[in-house]
Amino acid sequence: MWRADAESQESGGWPPERGGGLTALWRRQGRAASIPRTRRAGRRGGGGAAGGQSLIEMAFAIPLLMLILLGTLDLGQVFFDYIQLRGAVVEGASYGARNPTNTAGITTAVTDSGVPSGTTVTVSTSGSCTTVNGTGTISVQASSVFRPLTTSFFARFGLDTWNLSSSATMRCLT
């Protein structure tokens, strides 16, 4: 237990008298103006208009934050679909460079590479791909339509669907 002599108790020594706490000590020493004011632990609400203001601010902020979140997801999905489409077209062109007359096989090679559903594939050749040591090329093009999650918002601006397309050209290896 702490003991104090008479001098330290008169000058407001530590610990303060029972029930006074740190605030009472600071008031005796003349530092009461620097005491931070805090809300009581059991008190609820913001007190009047401040609580309603924060509610209205939150009502405006939540839709905006959700739009940013869904827009970020849409942007990531667009990039993922485009990368898948680009890789599938290269795979189809690689297959077509070895088998230039097998259009169905080229289309199957593209669609089996994980492209989005509804992807259209176009195959074209130029030059001489059927002769040995020919100088022909094969071109494979694929296109897909992306519909974002935020369609209802972006439809107002004419951005309800996005067209993705990719193409690859390779020399025939026959």
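The values are calculated or read from the model by the stated rules, or taken from the named source; none is laboratory data. Everything numeric here is computed off the predicted structure, so don't read it as measured data. Using ideal geometry, Cβ is built from the backbone for each residue, glycine included, and neighbour counts are taken over all protein chains shown.
Some points to look at:
- Every residue from region 77-110 that is hydroxyl-bearing (Ser, Thr, Tyr), part of a helix (DSSP H, G or I) and more than 27 Å from THR161 (Cα to Cα): SER94, TYR95, THR103
- Output for region 118-141, where each listed residue is surrounded by 16 or more Cβ atoms within 10 Å (Cβ to Cβ) and either within 25 Å of THR72 (Cα to Cα) or among the basic types (Lys, Arg) (or both): THR119
- Residue that is surrounded by fewer than 18 Cβ atoms within 10 Å (Cβ to Cβ) and either aliphatic (A, V, I, L, M) or touching a Phe, Trp or Tyr at 6+ places or on another chain (Cβ under 7 Å) (or both), where the choices are VAL145, VAL89: VAL145
- Taking every residue in region 159-174 that is in contact (Cβ under 8 Å) with a residue 60 or more places away in the chain and pairing it with any residue that is among the hydrophobic types (A, V, I, L, M, F, W, C) and part of a loop (DSSP other than H, G, I, E, B), at least 6 positions away or on another chain, the pairs with Cβ-Cβ distances below 7 Å are CYS172/CYS129; THR174/CYS129; THR174/VAL132.
- Yes/no for PHE157 being farther than 30 Å from ILE106 by Cβ, surrounded by 16 or more Cβ atoms within 10 Å (Cβ to Cβ) and of a type in the set (Phe, Trp, Tyr): no
- Near pairs, Cβ below 7 angstrom, 6+ apart or cross-chain, from region 47-72 (farther than 17 Å from PHE154 by Cβ) to any residue that is modelled with pLDDT under 90 and not in a helix (DSSP H, G or I): GLY51/GLY45; SER54/GLY46
Residues are listed down the side, and each one gets a yes or a no for (1) within 30 Å of PHE154 (Cα to Cα); (2) in contact (Cβ under 8 Å) with a residue 12 or more places away in the chain; (3) of a type in the set (Lys, Arg); (4) touching a strand residue (DSSP E or B) at 6+ places or on another chain (Cβ under 9 Å):
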residue	(1), (2), (3), (4)
PHE79	yes, no, no, no
VAL89	yes, yes, no, yes
GLY92	no, yes, no, yes
ASN99	no, no, no, no
ASN102	no, no, no, no
SER124	no, yes, no, yes
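- Within region 140-160, if we keep just the residues that are among the β-branched types (Val, Ile, Thr) and modelled with pLDDT of 85 or more, the residue that is nearest to SER113 (Cα to Cα) turns out to be VAL140.
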